[in-house]
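K.L.:
First the structure, which I've put down as C-alpha cells, then a few questions once you've had a look.
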Amino acid sequence: MFDCEIINGVVVTSAGRQRASIAVHDGHIAAISPTPLGGAARVIDAADLVVLPGMVDQHVHFMDPGDTTREDFPHGSAAAAVGGITTVIEHTHSHPVLTASDLKAKAAYLADRSVVDFGLAAHIFPETIAQVPALWAEGAALCKVFTCVTHGVPALQSDDLLRCFRILAQVGARALVHCEDDAITADNEERLHAALRTDYGVIVEWRSWEAELVAVNSVALLARLTGAEITIAHASQPEVISLAARERQLGAHISVETCPQYLTLAAADVVEHGPTRKCTPPPRDPPAQAKLWDLLAHDAIDLISTDHAPSTLAQKQHGTIWECHFGLPGVETTLPILLDAASVGKLTLEQIAQRYSEMPARLLGLWPRKGALVPGADADLVLVDPTARYALQDANILSKAGWTPYAGRQITGRPVMTMVRGTVVAEHGAIRADVGTGRWVRRAPASA
Ligand SMILES: [Zn+2]
C-alpha cells in the first residue's frame, strides 16, 4: 500500500526517458515500475505529462530575514513551488549568515516559513574567513564569496581569496564565487560618474565583460592552486566557461552556473529598460547568448540557477539607475524558459533534469536524496505539460516582486504540479500546501 502513485507519465532523468509509474510512500519514492503497481491511496494520472525530478535552484535570495519588503520566504518559496523547484539554496546579502550560530538561528526562524525544502548558504567576508570550518560543520550549503564590493558585501581580494580557498580545501567546503574584478568595476564607475552619465547604458559599461573575465581567471587559477571546490556564479558570457575549462583540465575542481537572464536577455534590453533589467553581471550581446545556448546543449555548462533577487516595480523605479536595486525575480520563470527551449530543440528534457536538478544536487552533496528519481530518494518531482502554450504574465507572479522581465514572452511547456517529499505543494500555478512544509536541508557530512 502506497500513499500515492503517479501513473502513465513519461519519466525523464539525465539517463533518459521511459513511460513509468512512480509509487510514493512516507515522503520517499518507493518504486518505479513500467506498469502501474496499484493499491495507492491516491492516484495521479500523468497521461500526456512529463515527470521530472524537482528542480534544485542553488542561487536564490529570499531576503528573509532581511528586506522583506522585497521578498520573504513564504512568497519566494511559493513562487519556487509553482515554478517546479523543490529545493532552493538561499542567501541574503543584507542579513548575512557569518557564523555557525547565525546559520542555526536562521534555519530555526525559517522552520515554518518555506513551502519548499531549503538549504542555506553562508557569506564569507575578509574578516570571517576563519568561520568556514564551523559553518561547514553546521551544514552550510555553500560559502558565498564576492571578488568585488557589491550589494554592500565586502570583497575578498587575491590575498583573502588565497587564504579562504586554502581553508575551503582543508575542510572540503564549496564556495559560490561572484566574479567581477573590483579594480576594473571601480575604475569604470569613476569614469562614468566623471562623465555625469545617468543613462541606462552605464550598467553594461560599469559591470563590464572584462571585469568578469579577469575575476574568473584569478578565481579559477586560485581554485587549481589550492584544490578548493569552486562554483563560478552566474556566467554571463562563453569565455567564462573556457577559462574555467582550462583550469579544470589542469586539475581544478571548478564548475560554472549560468542563469536564464544570460540566455534570454541582451545588453540592449538593459540599455532600453534600465532598472527592470539591472543585474550584475549584466546580460551581454546576442552572439554571447547564442554561444551560451550552444554550450548548454553540448553539456559544457555545469548547472543552471536563477539568482532570484526581486524588488517590486516601485522599488526598482526608486532613485537613479546607479541607486536602484540590482537583481531580477525568476524562480517562477526559469523552468518554463528551459521547457520552452526544449520545445524547439535548443536542449533536451534530459539536459534540464541534469543541469537544473541532478548536477546542483550532486555539487551540494544532496544527491541522490535530491535531484534523482530512484527508489529511496525524496519524492520531489514536478509534472510538466510539454505542449501547453501560454504567455508569461506579471499577474501570475507569486513572488513579492509582482512582475517578471519576461512578461509577454510566449512559452511552450508548463509545470502543472510540484511535489515535495510526497506532498503536493503546487498545482496549476496555485499553492496547495501549508507554508512550513519545506524543511532545512543540510548537506550530507563530507566524506573526508
Ligand atoms: Zn545572487
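K.L.:
Kindly indicate which of 52, 37 is crowded, with 24+ Cβ neighbours inside 10 Å and more than 16 Å from the ligand (Cβ to nearest atom). Even if it seems obvious, please write down each step before you answer.
P.N.:
Values: 37 fails: crowded, with 24+ Cβ neighbours inside 10 Å.
Within the list 52, 37, the selection yields 52.
K.L.:
Which number in (1) more than 16 Å from the ligand (Cβ to nearest atom); (2) open to solvent by less than 10 Å² (accessible area, probe 1.4 Å) marks the one condition that residue 65 misses?
P.N.:
(2)
K.L.:
Test residue 92 against the criterion of being of a type in the set (S, T, N, Q), modelled with pLDDT of 95 or more and touching a Pro at 6+ places or on another chain (Cβ under 9 Å), and give yes or no.
P.N.:
yes
K.L.:
Now for a different question. So, in the range 132-181, of the ones that are charged (D, E, K, R) and out of contact with any helix residue (DSSP H, G or I) (no Cβ under 8 Å at 6 or more places or on another chain), which residue ends up nearest to residue 326 (Cα to Cα)?
P.N.:
By that ranking, first place goes to 144.
K.L.:
Here are some conditions: (1) in contact with a His (Cβ under 8 Å, 6 or more places away or on another chain); (2) open to solvent by 40 Å² or more (accessible area, probe 1.4 Å); (3) more than 22 Å from residue 99 (Cβ to Cβ). Residue 151 meets all but one. Which one does it not meet?
P.N.:
(3)
K.L.:
While we're on this one: Could you please let me know if residue 21 is in contact with a Pro (Cβ under 7 Å, 6 or more places away or on another chain) and either under 22 Å from residue 434 (Cα atoms) or without any contact (Cβ under 8 Å) to a residue 60 or more places away in the chain (or both)?
P.N.:
yes
K.L.:
Has the range 254-268 got at least one residue that is surrounded by fewer than 17 Cβ atoms within 10 Å (Cβ to Cβ) and of a type outside the set (Gly, Ala, Ser)?
P.N.:
no
K.L.:
Determine whether residue 32 is surrounded by 22 or more Cβ atoms within 10 Å (Cβ to Cβ) and either among the basic types (Lys, Arg) or touching a strand residue (DSSP E or B) at 6+ places or on another chain (Cβ under 6 Å) (or both). Walk me through it before giving the result.
P.N.:
Values: surrounded by 22 or more Cβ atoms within 10 Å (Cβ to Cβ): no; either among the basic types (Lys, Arg) or touching a strand residue (DSSP E or B) at 6+ places or on another chain (Cβ under 6 Å) (or both): yes.
No.
K.L.:
Between residues in the range 167-185 that are farther than 15 Å from residue 126 by Cβ and within 13 Å of the ligand (Cβ to nearest atom) and residues that are open to solvent by less than 40 Å² (accessible area, probe 1.4 Å) and modelled with pLDDT under 95, which pairs lie under 8 Å by C-beta distance while being six or more apart or on different chains?
P.N.:
180/150
K.L.:
Anything in the range 189-228 that is free of Cβ contacts under 8 Å to residues at least 40 places away in the same chain and within 16 Å of the ligand (Cβ to nearest atom)? List them, or say none.
P.N.:
216
K.L.:
Output the number of residues of the range 101-145 satisfying the condition of being open to solvent by less than 20 Å² (accessible area, probe 1.4 Å) and either among the small types (Gly, Ala, Ser) or within 16 Å of the ligand (Cβ to nearest atom) (or both).
P.N.:
Number of matching residues: 16.
K.L.:
Let me ask something else. Is it true that some residue in the range 407-416 is among the hydroxyl-bearing types (Ser, Thr, Tyr), in contact with a strand residue (DSSP E or B) (Cβ under 9 Å, 6 or more places away or on another chain), not assigned by TED's automatic domain parsing to the domain that holds residue 59 and not in a helix (DSSP H, G or I)?
P.N.:
Scanning the range 407-416, I find at least one residue that is among the hydroxyl-bearing types (Ser, Thr, Tyr), in contact with a strand residue (DSSP E or B) (Cβ under 9 Å, 6 or more places away or on another chain), not assigned by TED's automatic domain parsing to the domain that holds residue 59 and not in a helix (DSSP H, G or I), so the answer is yes.
K.L.:
Looking only at the range 86-100, which residues are polar (S, T, N, Q) and either within 12 Å of the ligand (Cβ to nearest atom) or open to solvent by 10 Å² or more (accessible area, probe 1.4 Å) (or both)?
P.N.:
Correct list: 92, 94, 99.
K.L.:
May I pose another question? Could you look through the range 391-406, keep only residues that are open to solvent by 40 Å² or more (accessible area, probe 1.4 Å) and either touching a residue at least 24 places away in the same chain (Cβ under 8 Å) or not in a loop (DSSP other than H, G, I, E, B) (or both), and pick out the one that is farthest from residue 337 (Cα to Cα)?
P.N.:
Ranking the candidates gives 400 first.
K.L.:
Could you please let me know if residue 69 is closer than 19 Å to residue 435 by Cβ and of a type in the set (Ser, Thr, Tyr)?
P.N.:
It is true that residue 69 is closer than 19 Å to residue 435 by Cβ and of a type in the set (Ser, Thr, Tyr).
The values are calculated or read from the model by the stated rules, or taken from the named source; none is laboratory data. All values reported here derive from a predicted model rather than from experimental measurement. FYI the Cβ positions are ideal-geometry reconstructions off the backbone, even for glycines, and counts take in every protein chain you see. These area figures cover heavy atoms from the full protein model, side chains too; ligands, DNA and RNA do not enter into them. Shrake-Rupley method; radii C 1.70, N 1.55, O 1.52, S 1.80 Å.
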